[in-house]
Structures are given as structure tokens and as C-alpha cells.
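The values are calculated or read from the model by the stated rules, or taken from the named source; none is laboratory data. Predicted model only: the values in this text are computed from it and were never measured. Backbone-built Cβ (ideal geometry, glycine too); neighbour counts: all protein chains shown. Only protein heavy atoms, including side chains, enter the accessible area calculation; ligands, DNA and RNA are left aside. Shrake-Rupley method; radii C 1.70, N 1.55, O 1.52, S 1.80 Å.
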Amino acid sequence: QPVQLWGGRFASGPAEAMAALSASTHFDWRLAPYDIAGSRAHARVLCKAGLLTEDELTGMLAALDTLAQDVASGEFTPTIADEDVHTALERGLLERAGTDLGGKLRAGRSRNDQVATLFRMWLRDASRRVVAGTLEVIDALVSQAKRHPEAILPGRTHLQHAQPVLLAHHLMAHGQALLRDVSRLQDWDARTAESPYGSGALAGSSLGLDPEAVAEELGFATSVENSIDGTASRDFVAEFAFAVAMLAVNLSRIAEEVIIWNTAEFGYVTLDDAWATGSSIMPQKKNPDVAELTRGKAGRLIGNLTGLLATLKAQPLAYNRDLQEDKEPVFDSVEQLELLFPAIAGMLETLTFHTDRLAELAPAGFTLATDIAEWLVRQGVPFRVAHEAAGESVRVAESRGVGLDELTDEEFEKINPALTPAVRGVLTVEGSVKSRNARGGTAPERVAEQRARLEERVTAARQW
Ligand code: ARG
């Protein structure tokens, strides 16, 4: 027996194409457990307001429990005649509680305040799964950093050799960005912890209901201040979509580096067989598809964000049906991330770094020139002069086809008398990284401290 929530004023049912356009259970069925949780809370406030007797409440909650079980087991599913998740579950309730009792639950609520509330609940749970997945990726970065506490990486700017850094420092730079994504979701969650339930269609309820009690039961900190805002606002969706798109962009930056590092020309890393794919025609190929899919999906998540913003743009208050388009983009973003997390974590965890090659390349491109200049500054030479002298050292070394450390004492002295043989102390990659020992720098002891703090924050985030 199909159920319709709004049949009364209509002489006929919807045209087939109308119903097909309108239907949303193929995606909003995800909200079913939240819808039932909302119904339980709503039944309780109806009872508190004297609109359900204690017996009726008991019967209603029992029917909702059965419905919840049947939804979980797959015994109850939406049909094509159900317009949306709310309609389907209304049918399910009426079937279980009977139409007299079941028909009382809709008093004082609208699908507008329901869907806004349930969607917040779904996203708040999803944010926890996204955080958990992100922490797995950070774990993989930290574990590589621990495996290579003092390995050197040729640090780059503009993709050109710049200055040597610790590989661990570089890996944790990605970790810092990912931890910000985590805290961004946590900040978002605090703002999203307001329940719209009780807002009704837009104007609030006349039935003496208690929105705060519903909010508390559903795990919100409070209920919304404004029923119009509660039903019409979707900035919580857009902000979530941004937070996860930013996360995907950060993941894509790691992915891009893995792709580059994995080329024959770089030769920094080898991918584990389990996290690479082959070619159907070229037998020798071993491709970094995890990283490429990460890069590709970042584009998809950006699209989900921009599509959503376009949907929201210029919608007058309060609810408009356009808002039904708010769910699929973020459902998709979360689904894509959940596919990515274990794969990225697995790929990173099993990556082999060729640390000998990294160390060998680190001084290439005169990356220790800054160290010469700063060494001179420490000897009291003005930086302008020091920069000149270091630059000239590069020029001389380049013209001779040698590294900076291969310049003779005489050559150094000729460039600037302050360049005594003691400068050689900073002309090793190890000496260079060691000297960058202020907070945030790449010196091994600073990096070890950074890693410890990062791990503490990861542990704290796991408690969230
Ligand atoms: N399915 C709708 C949505 O996802 C909620 C139902 C509100 N429909 C309505 N006609 N007021 O936004």
C-alpha cells in the first residue's frame, strides 16, 4: 500500500515522470537509521507535550525498533512508489504500528527539518570516519619517518634543487597539512552540532515540543536558534565539502610526489607490487595507479564542492526542493575518500625509499650555496657580501664541473678571504641539515621532536 505524505489536496497522483524526477531513495536511504533515531526522539517530545500517551509512546518505540531491525537486515526496503526516505519509513511505521498510532508521529515535524537534521547527523558520523582514514595515512607517513630518521632528501622549490632536508621532515610536512584537515573537520563539527529538528517546515512548531530535548537525544550540543535558518541553510554541507576537498587536494600533493619519485629519472622510490598495476601491452610496466587515482579523485571532490555551491547560490529562504541536490555530492566525496584511505596508506607504508640515491643527489645543483652564505654571516660578513661570495663559489665550481666541496682552499680564499677551510664544515649535506636547528627546521633533533608532537596529536585525534 503506497503512502504519500501530501495526498489530501490532490485529485490525482503524480505523473510517472514527475515521480521519477522527485524520487531520492536511491541515495537518501543512507539516512534511514538517522531518520528512525529522529522519530524516536520526536515520539518522546510528543509524549512530553501530552500528544502521545505513555502507552502510545511504548507502542510507537516498539514499532520503530522493529522497523530499525528490518531496515538493518534489509527486510524493509524502499519501493519505487516511495518518494524519499522519510516517506518510505512512514510506510514502514504505519505497517508496524497501525495507521491510528503510526499516523500520530508526523505531528509537528516536516521533512524539511527532518532532512536538515538527519543530514547533519550523517555528515557528523562521516567526519569521524574521514578523520580515522586520514589518521591512517598520517600513520604511514610517520612510520616511514621513523624508518628513516636521518635520511636526506634533495629539497626542492620550483621543483628545482634547493636545499637538502631530512626525508622525515618532508614526510611530516604532509602530515602537518593532513592534521590541519583533521582539525578543520573538528571545527566544522562544533558548528554543525545544532539540531534543526522542531523547525517544522520553516516557522517552528505550535505543539509545545522541545527541540533541545530532541537535539540532546540525537547527539547535538543544542538546537538551532532560528527555524528558517535551520531548514534553509546548507553551509554546513558546503563547508564539509570544502574540508574533504582540501583533504583530497593535500592527498593529491603527496600522490604527485610519489608519481614523480617513482620515475626512472628520479628513482627515489620503488612501489610495492601490491600497490601498483601493470600494463596490458607493455610487460615491463609498473604503474603508480593509487597515486594517480588519488590525484584524479581530488578533481572529483573539487567538482562536488563547486557543484554544491552552484546549487546553493541565490536560493531564496527557506526550503526549496533544489536542496535535495545537496546530498549526492558529499555522499560521493566521502565514498571516494573511503576508497582512497586504505590504498594511500598501504602504498605509503610499503614504499621503498632509495636513501643512497637521495643522499647522492642532495648536494647536486649546488644546494649547499646557502650554507656557505650563512656560514659567512656567522663569521660576521654582511649577508649581501656573503651571498655574492657564495654565488661566485657556485660559478667557479660550475665552470670547473665540480661540486662546492671540491673547490680548493686557494679558490675559496680568492673568492673571499673570509672563506677559510673551516667553511668545509657546512659543505656536507649532513652538516647543512644539522645547522638548521631552530624550531621548525630540518635538523635531526628538531625533526625528532616534531615527530613526537605529531604522534601525540594523532593519538589525541583518535580519541575524538
Ligand atoms: N527529499 C527532500 C530533500 O532531500 C526532503 C523532502 C522535502 N520535500 C518537500 N517537498 N518539502 O531535501
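What to note about this one:
- Scanning region 224-279 for residues that are among the charged types (D, E, K, R), in a loop (DSSP other than H, G, I, E, B) and open to solvent by 40 Å² or more (accessible area, probe 1.4 Å) yields E225, E265, D272.
- Residue match in region 185-198 (condition: touching a residue at least 40 places away in the same chain (Cβ under 8 Å), among the polar types (S, T, N, Q) and under 22 Å from E455 (Cα atoms)): yes
- Within region 49-74, being in a helix (DSSP H, G or I), touching a helix residue (DSSP H, G or I) at 6+ places or on another chain (Cβ under 7 Å) and not acidic (D, E) holds for L57, G59, M60, L61, A63, L64, T66, L67, A68, V71.
- Against the list (1) closer than 19 Å to D332 by Cα; (2) surrounded by fewer than 23 Cβ atoms within 10 Å (Cβ to Cβ); (3) away from the ligand (no atom under 16 Å from the Cβ), the condition E136 fails is (1).
- Against the test of being among the hydroxyl-bearing types (S, T, Y), away from the ligand (no atom under 16 Å from the Cβ), surrounded by fewer than 19 Cβ atoms within 10 Å (Cβ to Cβ) and modelled with pLDDT of 95 or more, the options S143, S127 yield a single qualifying residue, S143.
- Annotation: of all residues in region 317-341 being open to solvent by 80 Å² or more (accessible area, probe 1.4 Å) and over 30 Å from D289 (Cα atoms), the one that is nearest to the ligand (Cβ to nearest atom) is R321.
- Filtered residues of region 282-295 (kept if open to solvent by less than 50 Å² (accessible area, probe 1.4 Å) and under 13 Å from E256 (Cβ atoms)): P288, V290, A291, T294
- Tally of residues being open to solvent by less than 50 Å² (accessible area, probe 1.4 Å) and modelled with pLDDT of 95 or more across region 434-447: 5
- Subset tally (residues that are in contact with a Gly (Cβ under 8 Å, 6 or more places away or on another chain) and either within 16 Å of the ligand (Cβ to nearest atom) or of a type in the set (G, A, S) (or both)) for region 196-214: 9
- Restricting region 271-316 to residues that are at pLDDT 95 or above and of a type in the set (S, T, Y), the residue that is farthest from the ligand (Cβ to nearest atom): T294
- Test: residue in region 184-206 that is open to solvent by 10 Å² or more (accessible area, probe 1.4 Å), more than 30 Å from E257 (Cα to Cα) and of a type in the set (S, T, Y): yes
Yes/no matrix, rows are residues, columns are (1) without any contact (Cβ under 8 Å) to a residue 24 or more places away in the chain; (2) among the β-branched types (V, I, T):
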site	(1), (2)
I415	no, yes
A418	no, no
P421	yes, no
V426	no, yes
S432	no, no
N437	yes, no
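- Where a residue in region 305-330 is more than 21 Å from A248 (Cβ to Cβ) and among the small types (G, A, S) and its partner, wherever it lies, is part of a helix (DSSP H, G or I) and within 13 Å of the ligand (Cβ to nearest atom), with Cβ under 6 Å and at least six apart: A318/T231; A318/A232
- Comparison of L64, L94 shows that the only residue that is modelled with pLDDT of 95 or more and crowded, with 21+ Cβ neighbours inside 10 Å is L64.
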